[in-house]
Every structure is written in structure tokens, then in C-alpha cells.
Ligand code: HEM
């Protein structure tokens, strides 16, 4: 029963509402449409009708775990051939979800995180080594490219004891690491499948399908090598890979199967770096654009880390203002920009929209994060003080959801926040950061969001 849900005016038989929209920017198109249609709307494309929710009240209902659960659909479902029943893409009813969740969750506890901290510092040191050289040569740095190197190395080393050697590559002649190329290919393909009619996809995407098969094979091969190396070494430092290979479920005694481990390693290598890279890139963009915010962040780092050369684990969470900068960046550009929720039993959304069991809606996080009823009349402005304790206290629950919601929310949230806050702290302490004079934020979409072509000019302080 969709008849009370508004939709864009142009409805072309067969094709639907896609006229005038772009296959490369489905999220930003939906943001534009939401501005005209309100807190809930629907779009039809090639026979599929998708309900979008961007209003805070309806999103809070969808976050109610007694009525709704994660729905594996659209881009997430399109990743099943790559990530199978790995944590991110598993259906709620698949037993491997609970098993892997329980086995891996302690890998994100406090003790585990403190163990990753020195490795995170090492990788950050590689980044500042490269950036020092760029600063000395007066060269602008490629922010998304370098943040991707940083976050990929960080998850690979902390989680899997693997070094991709990203910082040793000469980007100009060699391009990104082939793992990154294959991953971006797989994500872009999964997004493209959403906007191509199923009947035509075998024709329209023939070349893309071939490339996708090659990308998948490359991802599998890479992961199999990482696992084989660990098995050959007879164990590691107790990281995520050791957990996957060795830890049995505390109650059932069950273990992950080799095929499932392959899916989990791909899942963590991809989910563990792409979105954090985007979050760091957007935060650096806003810091560079706003000298007052940058000055306040730097004042905090200089004060909290005074006399400290290498920050200890506990000193990262003390950077409260920098954390607000990160939160505010994730408000405007939640780098995993949507999540889907399905009804666990017949229900009525917002008291007016009946939903059968299994019916689902897509929460557009970037729209939710701009709801004027919550964020005020100027939701587009970048203001870290929106996350000052007083402001947060006055706000309802479920209005800030960059990490999703409920049992299927992001398992790597603390990992991402620790890594990103640490790196931002190190960078604002070390460099003056200036934007390129004519840069205008342009956001690219490949399931995740990234500031396109962002380059910054650095000077050592
Ligand atoms: C799930 C966002 C970093 C691993 C999710 C979901 C979101 C999200 C929105 C829920 C998706 C859904 O409901 O369909 C983010 C953002 C990150 C980030 C914005 C960085 C800023 C990480 C990191 C890791 C990670 C660092 C691993 C080290 C996962 C996994 C899931 C997940 C495994 C699936 C959890 C489950 O269903 O049990 N993430 N994530 N993420 N994330 Fe993250």
C-alpha cells in the first residue's frame, strides 16, 4: 500500500522516474528529490518501487528493533557475490551472522583496540613521511588517494598482519594498489546494478560483467594468500584473522568455515577502510575550508597532547572537539549513505503507511541528517558545535545514524573513530592546511561517498 507516499511527477511507462537523473549519483539525486517531496517518498525504476525515508520521526520508527530489522537489498544485496554471508551482507536468518558476530565482536573491545593503536601510529607515520615530502616540495596532496592508502594499510595490518605496501607505490606511474582498483570496481558495479533494468543488464553491462568477474577473482586470490601466509606462520598476534581461524563460539563451540573466513576477510578489508577514508577526507576538506574550526582543533591538540610526542591510546578520545569535527563531517556526508530496514511483522509506518512483513524502506542518512526539525533552519552549514554535549542532550534518539542502527549496526565504529581522530590530531598538529583556491566540493558515489579530486596544500608548522 504505497498510495499515500508521494513520488516525483514524471512517470514514464516501463522506465519509471529515472528521466533527468544520473546513474552515477543516485544518492545526491535522491537528496534533491527528498527536498521537494518530504520525509517519505517513493521512486520507481524499471519495475522496482523503492520507498525512501529521510524524516527523523519515521527513521526513529524504522530504528525500533522490535518492529524492524536490517534488510539486505539494493547495493548490499548486489555485493553478495563478493562478500556472501560475511557480516555485512549476511541475511538476518543466516546462522553465520550470529556466529561471526559473537566470535569477532571482542576484536573491537577496548583491549583489542589498545593493541591496534601502535600499528595505527606506524601507518600514520608513513602518511606524514609522504606528506612531509610533498610539503617540502610545495606539492599539493591527493587527499582521498592518500586516505585510502592509510585506511587500507591500517585495517590490513591491525586485522590481518598484512602489508599491502601502499605507501611504497609510485601513484603517478603505478596507480592505486590493485586490491583498491578491484574493490572500487566491485563497489561501482554493485551500484550500477541498481540503476540498470535487470532484463537489459546482460547486454548493457557485458563488458562490466567481465571486469567484475576479474575483480572478484582478484579479491579472492588476495585474501587466500593472506590466509595461507597466516596458516603457514602457525598463528599471529591474536588479531581478527586469528579470531576467524582459531576462536570457537563461546557457547556452541562452532567455528567459521574456510569459505566463510574468505568472505569475512574481504568484508573487513573493504568495509574496514573505504568509509573511514571518505570520513577522513571530508573532515580534512572542512578543516581546510574553515580557519576558525581548524584553529580551535589545533588549540585542543596542542593543549591535550602538550609535551607528548607520540600520543598514547587513552589520549585520542580526549580530543573532544576534533571528534565533533568528525561527527559533523559524517552528518553532512555519511560515507555509507543509506541503510535498509524491513518490517518483522505487518505494521503501519507513521500511523498511515501499512507495511506487510518483509516490506522495506531505505533510510537516506544524508537526508535524515538534514531534517530541519532536528538540525535547525541551516542544516547545510558545517558547525561542529552541533555535537557539543549540551546540544546532543537536547536532541531525540536516532537522528544521527552514520553507523547504521540496531544489531546490524557497524561493528567497526570504535575502530573507525579511534583511527580517524588519531590521524586528524596528528595532521592538524603537524601542518598548516590550505585548500586549493578554486576547489568546490564535488561528491562521487560508488556505494560510498568521497570528495572528488580533493587536494590540499600543506606547510610544516
Ligand atoms: C556495518 C558505516 C567503518 C565493518 C556498517 C553499517 C554502516 C556502516 C552504516 C550498517 C549497514 C547496514 O545497515 O546495511 C560505517 C562508517 C564507517 C565504518 C561510516 C567509517 C567512518 C567500519 C570499519 C569496519 C567496519 C573500520 C571494520 C574494521 C563493518 C561491518 C559491518 C558494518 C563488518 C556489518 C555489521 C553487521 O551487520 O553485523 N558500517 N562503517 N566498518 N561495518 Fe562499518
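Could you say which residue among 272, 234 is closer than 24 Å to residue 165 by Cα and touching a residue at least 40 places away in the same chain (Cβ under 8 Å)? Break it down stepwise before answering.
On the way: 234 fails: touching a residue at least 40 places away in the same chain (Cβ under 8 Å).
Of 272, 234, the one residue that is closer than 24 Å to residue 165 by Cα and touching a residue at least 40 places away in the same chain (Cβ under 8 Å) is 272.
Report whether or not residue 301 is within 15 Å of residue 421 (Cα to Cα), under 28 Å from the mean Cα position of the chain (by Cα), more than 16 Å from the ligand (Cβ to nearest atom) and crowded, with 21+ Cβ neighbours inside 10 Å.
Values: within 15 Å of residue 421 (Cα to Cα): yes; under 28 Å from the mean Cα position of the chain (by Cα): yes; more than 16 Å from the ligand (Cβ to nearest atom): yes; crowded, with 21+ Cβ neighbours inside 10 Å: yes.
When the stated conditions are applied, residue 301 passes them.
State the number of residues belonging to the stretch 250-271 that are away from the ligand (no atom under 15 Å from the Cβ) and not in a helix (DSSP H, G or I). Spell out the reasoning first.
Restricting attention to the stretch 250-271, the residues satisfying the condition of being away from the ligand (no atom under 15 Å from the Cβ) are 250-255, 257-259.
Pick out the ones that are also not in a helix (DSSP H, G or I) and you get 250-255, 257.
Looking only at that region, the number is 7.
Can you tell which of 330, 427 is buried (at least 22 other Cβ atoms within 10 Å of the Cβ), modelled with pLDDT of 95 or more and within 16 Å of the ligand (Cβ to nearest atom)?
On the way: 427 fails: within 16 Å of the ligand (Cβ to nearest atom).
Of the residues listed, the single one that is buried (at least 22 other Cβ atoms within 10 Å of the Cβ), modelled with pLDDT of 95 or more and within 16 Å of the ligand (Cβ to nearest atom) is 330.
Does residue 197 meet the test of being farther than 26 Å from residue 416 by Cβ and in contact with a strand residue (DSSP E or B) (Cβ under 9 Å, 6 or more places away or on another chain)? Talk me through it step by step, then tell me what you get.
On the way: farther than 26 Å from residue 416 by Cβ: yes; in contact with a strand residue (DSSP E or B) (Cβ under 9 Å, 6 or more places away or on another chain): yes.
So residue 197 passes the test.
Do the conditions hold for residue 129, that is, is it under 27 Å from residue 461 (Cα atoms), modelled with pLDDT of 90 or more, exposed (fewer than 14 other Cβ atoms within 10 Å of the Cβ) and touching a helix residue (DSSP H, G or I) at 6+ places or on another chain (Cβ under 9 Å)?
Against the criterion (under 27 Å from residue 461 (Cα atoms), modelled with pLDDT of 90 or more, exposed (fewer than 14 other Cβ atoms within 10 Å of the Cβ) and touching a helix residue (DSSP H, G or I) at 6+ places or on another chain (Cβ under 9 Å)), residue 129 qualifies.
Would you mind finding the one in 180, 227, 143 that is under 23 Å from residue 27 (Cβ atoms) and either touching a residue at least 60 places away in the same chain (Cβ under 8 Å) or over 24 Å from the mean Cα position of the chain (by Cα) (or both)? Please lay out each step first, then the result.
Details: 180 fails: either touching a residue at least 60 places away in the same chain (Cβ under 8 Å) or over 24 Å from the mean Cα position of the chain (by Cα) (or both); 227 fails: under 23 Å from residue 27 (Cβ atoms).
Answer to the check: 143.
For the stretch 73-88, enumerate the residues that are modelled with pLDDT under 95, within 12 Å of the ligand (Cβ to nearest atom) and not in a helix (DSSP H, G or I).
Taking the stretch 73-88 as the starting set, the residues that turn out to be modelled with pLDDT under 95 are 73-84.
This time we only want the ones that are within 12 Å of the ligand (Cβ to nearest atom), so: 73-77, 79, 83.
Once the filter is applied, which keeps residues that are modelled with pLDDT under 95, within 12 Å of the ligand (Cβ to nearest atom) and not in a helix (DSSP H, G or I), the stretch 73-88 yields 73, 79.
Residues that are touching a residue at least 24 places away in the same chain (Cβ under 8 Å) and in contact with a helix residue (DSSP H, G or I) (Cβ under 8 Å, 6 or more places away or on another chain), at least 2 per element: which helices (runs of 4 or more DSSP H) completely within the stretch 314-408 meet that? Please lay out each step first, then the result.
Working: elements: 320-332, 365-368, 372-375, 389-393.
Result: 320-332, 365-368, 372-375.
The values are calculated or read from the model by the stated rules, or taken from the named source; none is laboratory data. These numbers come from a predicted model, not from an experiment. With ideal geometry, Cβ positions are generated from the backbone for all residues, glycine too; neighbour counts draw on all protein chains shown.
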